[in-house]
Amino acid sequence: MSDAAIITTNNLNLWYSGKHALESVSMKVPKNRVTALIGPSGCGKSTLLRCFNRLNDLIDNVKITGEITLDDENIHAPSLDVVTLRKKVGMVFQKPNPFPKTIYDNVAYGPRVHGIRDKNELDRIVEQGLRHAALWDEVKDRLDDSALGLSGGQQQRLCIARTLAVEPEVILMDEPCSALDPIATSKIENLIDMLKEDYTVIIVTHNMQQAARVSDYTGFMYLGKLIECGRTKQIFEHPTEELTENYITGRFG
């Protein structure tokens, strides 16, 4: 039985200043699963990821056609509030980007923006976010310290906690481990596995071993096209497209 989709794209196309960066991408992202997007550099992985919370809207001369739905709602509908969309679809970037604030204020930032002022409620949200990001035990005695004093791996988990604090449905991760050492990477991968209990995770990664370890579904992209998408085991062991097999076996890319 197939997993229910939370995000669906239908014939999605995107142009940057006339360059056709995404070409007729149709896919379904299953709820409470980890979906990895793999493929060589410049193939459109991050561009596709940024479509899901409309971050590409911030780039000049972008044209998008086709449809993306979240919970069966068109995310480009005029009635849809982009701020609400980005609350539902959080983003963790390639390099940790904590604010130059305390650890506490980093996590409390989003809830405050959305109007939460009660100290007890903020305390609860901060602790819950840090616990979900597997960081609470490491920082609970230093919440008033600057987030910039944390290690790279801790900063990335803090950014995940900051994302979780506004209670998203979907978490987008754009190569979240590329700037981290193997131990920190392992912690993030373990965290991703835990997060799918409560969230849907979409991760862009250049690391095929990582995709195989952490994801339930994998989509292989090449030159702006989604060549193949399916269960990770099937994609890696029995791909249906020769292009996918060539990439996975290292014949190109």
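Answer with yes or no whether L143 is assigned to a loop (DSSP other than H, G, I, E, B), at pLDDT below 95 and surrounded by 14 or more Cβ atoms within 10 Å (Cβ to Cβ). In short, no.
Which of the residues that make up segment 207-221 are under 14 Å from S186 (Cβ atoms) and surrounded by fewer than 23 Cβ atoms within 10 Å (Cβ to Cβ)?
The answer is N207, Q209, Q210, R213.
Taking segment 168-194 on its own, how many of its residues are open to solvent by 70 Å² or more (accessible area, probe 1.4 Å) and more than 19 Å from N97 (Cα to Cα)?
Going through segment 168-194 one residue at a time, the tally reaches 5.
Filter segment 127-140 down to the residues that are out of contact with any Leu (no Cβ under 7 Å at 6 or more places or on another chain) and open to solvent by less than 60 Å² (accessible area, probe 1.4 Å) and list them by number. Correct list: L130 only. Screening the candidates A212, A179, A184 for the property of being more than 25 Å from R86 (Cα to Cα), at pLDDT below 95 and small (G, A, S) yields one hit, A184. Segment 146-253 holds strands (runs of 3 or more DSSP E) entirely within its bounds, and those carrying 3 or more residues that are in contact (Cβ under 8 Å) with a residue 60 or more places away in the chain and within 16 Å of the chain's Cα centre (by Cα) map to 170-174, 200-204, 217-222.
Considering only residues that are assigned to a loop (DSSP other than H, G, I, E, B), under 24 Å from I6 (Cα atoms) and more than 18 Å from the chain's Cα centre (by Cα), which ones fall in segment 85-121?
H114
Going by the conditions given, is G219 over 25 Å from V89 (Cβ atoms) and of a type in the set (G, A, S)? Taking the combined requirement at face value, the residue does not satisfy it.
The values are calculated or read from the model by the stated rules, or taken from the named source; none is laboratory data. Quantities reported herein were computed from a predicted structural model and do not represent experimental measurements. Cβ coordinates were reconstructed from backbone atoms using ideal geometry, including for glycine residues, and neighbour counts include every protein chain displayed. The accessibility values were calculated without ligands, DNA or RNA, using every heavy atom of the protein model including side chains. Shrake-Rupley method; radii C 1.70, N 1.55, O 1.52, S 1.80 Å.
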